[in-house]
């Protein structure tokens, strides 16, 4: 379990999580990318890529 970086709510990381998977805060909806640090998983803000609309 980790704390949301925006609202400090608890985010449960699934036991079968894969590094690079996206998890969301149940309270504020912020999206985070899961990464491995040592033997533990941590979160960092997910990079949301918008549509380029053919540009």
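The values are calculated or read from the model by the stated rules, or taken from the named source; none is laboratory data. Just so it is clear, the model here is predicted, and its values are computed rather than measured. No Cβ is skipped: glycine too gets one built from the backbone with ideal geometry, and neighbour counts run over all protein chains shown.
Scanning the range 6-35 for residues that are more than 12 Å from the chain's Cα centre (by Cα) and modelled with pLDDT under 95 returns 15, 16. Among the residues of the range 24-44, those that are outside any strand (DSSP E or B) and touching a strand residue (DSSP E or B) at 6+ places or on another chain (Cβ under 8 Å) comprise 25, 26, 30.
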